[in-house]
Amino acid sequence: MAIISEDKINTFKKNIAGTVVLPNDNNYDELRVVWNAMIDRKPSFIVQCATAEDVAPCIAFARKFDLEITIRGAGHNIGGSAVSDGGLMIDFSAMKSITVDVKSNRAVVQPGATLGDFDAAVQVHGLATPVGINSTTGIAGLTIGGGFGWLTRKYGMTVDNLLSVKLVTVEGESITASENENPDLFWAVRGGGGNFGVITEFEYALHSVGPEVLAGLIVYPLAQARQVLNSYREFNLQASQDLSVWCVMRQAPPLPFLPENVHGQEIVILAFMYAGEPTEGKKQISSLPSFGDPLGEHIGVMPYIQWQQGFDALLTPGARNYWKSHNFTELKDETLDIMIEYTGKLPSPQCEIFVAHIAGAPNRVPSAAMAYGGRKTQYVMNVHARWDENSDDDSCIDWARKFFNATKPFASAGAYVNFMTAEEDDRVTYAYGSNYKKLVEVKRKYDPDNILHMNQNIKP
């Protein structure tokens, strides 16, 4: 990196409407911190963009002085791609505008918006689109990696509902990508991450949802895990696509509907949401409690927004996190046995294994329709190691890796890139499968020098 004089920095500041934050500024440490506490990096410049027009000068400045470029929406990426040592962070945290067109059922969203921001803005009109399950996640990062949540079985992946983006190329050109404009780029950004440019605006299709939905949790003891999981697997073969039932295996948090003596015990949780009429939903989920002898349950009609925030308390920033993930076309007996085994030896009370059932609408999209190609996936499994003290790093990471390796023979092709850590560069080609070759071609066209490489990188 070249030595940058104060005059050159001041000139750069004058070229943007936003704020340049340097390491000696009071808010520097606050802005550089990301969700995963394992990431502790110190950029040379943090640029809080005020408008989309701030992005091109940031790219030009970074390229002139050989600064690594990172992009921060909400900073939730598990690998910490939003920040690098000595680099320039393009920070969109001040750009959270959301415009909803109720006539066309569309929303235009800036890249700093969180899922909570988005849900609040569209639910005023009884609308939603499939996004994730933690309201503090950034919608930008979620979307460009694929995106799934409680509405996915009915309405598809987040990228299946993306209509267009506005983007700044590494050459500083502002362009639109959609099915009709720059369609190759639009193909690539729907799952290909931030490899091709800096996205400054997203346009989504919206659907009528809620504003109240039937949702809840049913908790069983780990001793009954095999019968519960067997029933869960069979139930999902016939379940309505209005209904999403996910499985979480962990130690019981102090949930108010659980007896105090259950807190800290290993449990199996079935978490669900029904996206249709709640009265019909109650019929659809009536057999779930009979999968075992529940330790407790919390089921009811509630605001969709409330359910979307239901897991926030387990995913707060400031903890150390390490993830490993597989896709599955089915849950074989061996997979269930391994899940039970590793839930019995959790290295931290915050560690968990979760399985999201996403079969339905995503499977009806051709694998080559966009960069996200996991169209045969029925389940996405994430082994989520989470802990507080760095002295526990080795034991928690080792547990996650061993579980990942044990279940690997039973996994299907591909991987969900949003759950991949920074060390998994060797899995990128595998993650995209037959779509990878085309991704390389698009990368060569829009970023031949790999300027934007702080991501699950498509190497040109």
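Brief remarks on what is shown
- Looking only at residues in segment 350-364 that are hydrophobic (A, V, I, L, M, F, W, C) and surrounded by 22 or more Cβ atoms within 10 Å (Cβ to Cβ), the one that is farthest from ALA188 (Cα to Cα) is CYS351.
- ALA74 vs. criteria touching a residue at least 60 places away in the same chain (Cβ under 8 Å), crowded, with 21+ Cβ neighbours inside 10 Å and not polar (S, T, N, Q): yes
- When residues in segment 258-279 are screened for being without any contact (Cβ under 8 Å) to a residue 24 or more places away in the chain, within 30 Å of SER208 (Cα to Cα) and part of a loop (DSSP other than H, G, I, E, B), 1 of them pass.
- Failed criterion for THR99 (all others in (1) in contact with a strand residue (DSSP E or B) (Cβ under 7 Å, 6 or more places away or on another chain); (2) among the polar types (S, T, N, Q); (3) in contact (Cβ under 8 Å) with a residue 24 or more places away in the chain hold): (3)
- The one condition in (1) modelled with pLDDT of 95 or more; (2) of a type outside the set (A, V, I, L, M, F, W, C); (3) outside any helix (DSSP H, G or I) that THR421 fails to fulfil: (1)
- Hits in segment 167-205 (condition: crowded, with 20+ Cβ neighbours inside 10 Å and farther than 20 Å from TYR372 by Cβ): VAL168, THR169, VAL170, THR200
- Residue in segment 381-402 that is at pLDDT 95 or above, outside the structural domain of ARG63 (by TED's automatic domain parsing), among the β-branched types (Val, Ile, Thr) and surrounded by fewer than 22 Cβ atoms within 10 Å (Cβ to Cβ) present: yes
- Number of the condition not met by ALA128 [criteria: (1) within 26 Å of LYS42 (Cα to Cα); (2) buried (at least 24 other Cβ atoms within 10 Å of the Cβ)]: (1)
- Positions within segment 96-113 being surrounded by 23 or more Cβ atoms within 10 Å (Cβ to Cβ) and either assigned by TED's automatic domain parsing to the domain that holds VAL55 or out of contact with any Lys or Arg (no Cβ under 7 Å at 6 or more places or on another chain) (or both), in sequence order: ALA107, VAL109, PRO111
- Verdict on SER84 being buried (at least 19 other Cβ atoms within 10 Å of the Cβ), touching a residue at least 24 places away in the same chain (Cβ under 8 Å) and either in the same structural domain as LYS64 (by TED's automatic domain parsing) or aromatic (Phe, Trp, Tyr) (or both): yes
- Verdict on ALA431 being surrounded by 16 or more Cβ atoms within 10 Å (Cβ to Cβ), of a type in the set (A, V, I, L, M) and in a helix (DSSP H, G or I): yes
- Test for ASP54: is it surrounded by fewer than 20 Cβ atoms within 10 Å (Cβ to Cβ) and outside the structural domain of GLY145 (by TED's automatic domain parsing): no
- Within segment 314-335, considering residues that are assigned to a loop (DSSP other than H, G, I, E, B) and in contact with an Asp or Glu (Cβ under 9 Å, 6 or more places away or on another chain), the one modelled with the highest pLDDT: ALA319
- Residue that is nearest to the chain's Cα centre (by Cα), among those in segment 342-363 that are in contact (Cβ under 8 Å) with a residue 60 or more places away in the chain and in a helix (DSSP H, G or I): PRO362
Each row is one residue, and each column tells you yes or no for (1) surrounded by 19 or more Cβ atoms within 10 Å (Cβ to Cβ); (2) of a type in the set (D, E, K, R); (3) modelled with pLDDT under 95; (4) over 30 Å from ILE458 (Cβ atoms).
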site: PHE272; (1), (2), (3), (4): yes, no, no, yes
site: GLY276; (1), (2), (3), (4): no, no, no, yes
site: LEU295; (1), (2), (3), (4): yes, no, no, yes
site: ASP337; (1), (2), (3), (4): no, yes, no, yes
site: LEU346; (1), (2), (3), (4): no, no, no, yes
site: PRO366; (1), (2), (3), (4): no, no, no, no
site: ALA369; (1), (2), (3), (4): no, no, no, no
site: TYR372; (1), (2), (3), (4): yes, no, no, no
site: ARG375; (1), (2), (3), (4): no, yes, no, no
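- Flag if LYS282 is surrounded by fewer than 21 Cβ atoms within 10 Å (Cβ to Cβ), charged (D, E, K, R), not assigned by TED's automatic domain parsing to the domain that holds ALA74 and not in a loop (DSSP other than H, G, I, E, B): yes
- Only one of the numbered conditions (1) more than 30 Å from VAL55 (Cα to Cα); (2) more than 22 Å from the chain's Cα centre (by Cα); (3) in a helix (DSSP H, G or I) is not met by GLU441, and that is (1).
The values are calculated or read from the model by the stated rules, or taken from the named source; none is laboratory data. Only a predicted model underlies this, so the values are computations on that prediction, with no experimental measurement involved. As a convention, Cβ positions derive from the backbone with ideal geometry for all residues, glycine included, and neighbour counts pool all protein chains shown.
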